[in-house]
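Working notes for the structure below.
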Amino acid sequence: MDRYKLPPHSHVDLSERDPRDRRGFEGRKREGRRVLREMSYELGTLQELLYAEGKHKLLIILQAMDTGGKDGTIRHVFRSVNPQGVKVASFKVPTLKELSHDYLWRVHQQTPGKGEIAIFNRSHYEDVLVVRVHELVPEGVWQRRYQHINDFERLLADEGTTILKFFLHISKEEQKDRLQSRLDEPEKRWKFDMGDLRDRERWDDYMEAYEDVLSKTSTEWAPWYVVPADRKWYRNLVVGSVLISTLESLDMAYPVWTGGDPGAIVID
Ligand code: AMP
Ligand code: MG
């Protein structure tokens, strides 16, 4: 799945990337789901090890247009992990208190500690996406942020955080279907937000803003993956397999037992 990883300084044209791509799994949806089920158990085991060892920190950033599948990815890919040791942080419209600080203030507090996985549902990237598209600050202000963000992520990486960033890439047509089913299905209606339509009107501007994000902030220490996300099962498969191979590469081990001969310990 490394083909979806962006090397640093890539120039990204999203129109050249097919959101319906499912390479390696054409006509194999059932097989894909089976693989995902196995992967979720594997992920559970690896997360247990990460937690037990208490050494590494993993930060997962999810970005997407509305209905892009951030919530669904969290629900499906992480279904077998122990909630202890994993935390999800969702970044909404900043509060007055958050706005009175710099834009990274609220983000830094949610980064993972040793042995933890933190999943960001939206992130500091909103500060160069929605903020840019809706002109919430002048251009001179958001332009400087790409550099801040690369430096901030570098700081986290230098201090022991592994960072993975996923852009869940859906098509505009797929978003239309998903928004429509939010309206049609009563149990999904709570998710419908008129603001989603305002953002949809600015689709092309968002794609341009995303292309800049992806081109300027995919780094060796915090790479972006552009995940084809029109097919939910394939999206989950891509994210899951990147997570597993990343965790495997950390070379983790359970803590060494230092209590002498465990057989000599008597429990009354
Ligand atoms: P949702 O994640 O769809 O439930 O909604 C969260 C909303 O908060 C989205 O419309 C985001 O664009 C918005 N949001 C998140 N971060 C910021 C930010 N830094 N500035 C302005 N809006 C934001
Ligand atoms: Mg929304």
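The values are calculated or read from the model by the stated rules, or taken from the named source; none is laboratory data. If you're wondering where the values come from, they're calculated on a predicted model, not measured in any experiment. FYI the Cβ positions are ideal-geometry reconstructions off the backbone, even for glycines, and counts take in every protein chain you see. To get the accessible areas, we keep the full protein, side chains included, count just its heavy atoms, and leave off ligands, DNA and RNA. Shrake-Rupley method; radii C 1.70, N 1.55, O 1.52, S 1.80 Å.
Test PRO112 against the stated conditions and say whether it is away from ligand 1 (no atom under 15 Å from the Cβ), closer than 22 Å to PHE167 by Cβ and either not in a helix (DSSP H, G or I) or not basic (Lys, Arg) (or both). Walk me through it before giving the result.
Numbers: away from ligand 1 (no atom under 15 Å from the Cβ): yes; closer than 22 Å to PHE167 by Cβ: yes; either not in a helix (DSSP H, G or I) or not basic (Lys, Arg) (or both): yes.
Against the criterion (away from ligand 1 (no atom under 15 Å from the Cβ), closer than 22 Å to PHE167 by Cβ and either not in a helix (DSSP H, G or I) or not basic (Lys, Arg) (or both)), PRO112 qualifies.
Looking only at region 126-145, how many residues end up being more than 16 Å from ligand 2 (Cβ to nearest atom), under 19 Å from the mean Cα position of the chain (by Cα) and closer than 17 Å to MET207 by Cβ?
The number of residues fulfilling the criteria is 1.
Every residue in region 242-265 that is open to solvent by 30 Å² or more (accessible area, probe 1.4 Å) and of a type in the set (S, T, N, Q), please.
SER245, SER249, THR258
Answer yes or no as to whether ARG20 is surrounded by fewer than 20 Cβ atoms within 10 Å (Cβ to Cβ), under 28 Å from LEU179 (Cβ atoms) and touching a Ser or Thr at 6+ places or on another chain (Cβ under 8 Å). Before you say what the answer is, go through the steps one by one.
Details: surrounded by fewer than 20 Cβ atoms within 10 Å (Cβ to Cβ): yes; under 28 Å from LEU179 (Cβ atoms): yes; touching a Ser or Thr at 6+ places or on another chain (Cβ under 8 Å): yes.
So ARG20 fits the description; yes.
For residues in region 185-197 being assigned to a helix (DSSP H, G or I) and open to solvent by less than 90 Å² (accessible area, probe 1.4 Å), which is nearest to ligand 1 (Cβ to nearest atom)?
Checking each candidate, the answer is GLY195.
For region 198-232, which residues satisfy the criterion of being among the hydrophobic types (A, V, I, L, M, F, W, C) and either surrounded by 18 or more Cβ atoms within 10 Å (Cβ to Cβ) or within 16 Å of ligand 1 (Cβ to nearest atom) (or both)?
Filtering region 198-232 for residues among the hydrophobic types (A, V, I, L, M, F, W, C) gives 203, 207, 209, 213-214, 221-222, 224, 226-227, 229.
TRP203, MET207, ALA209, VAL213, LEU214, ALA222, TRP224, VAL226, VAL227, ALA229 - these are the residues of region 198-232 that are among the hydrophobic types (A, V, I, L, M, F, W, C) and either surrounded by 18 or more Cβ atoms within 10 Å (Cβ to Cβ) or within 16 Å of ligand 1 (Cβ to nearest atom) (or both).
PRO83 passes all but one of (1) part of a helix (DSSP H, G or I); (2) farther than 23 Å from VAL238 by Cβ; (3) not hydrophobic (A, V, I, L, M, F, W, C); which number fails?
(1)
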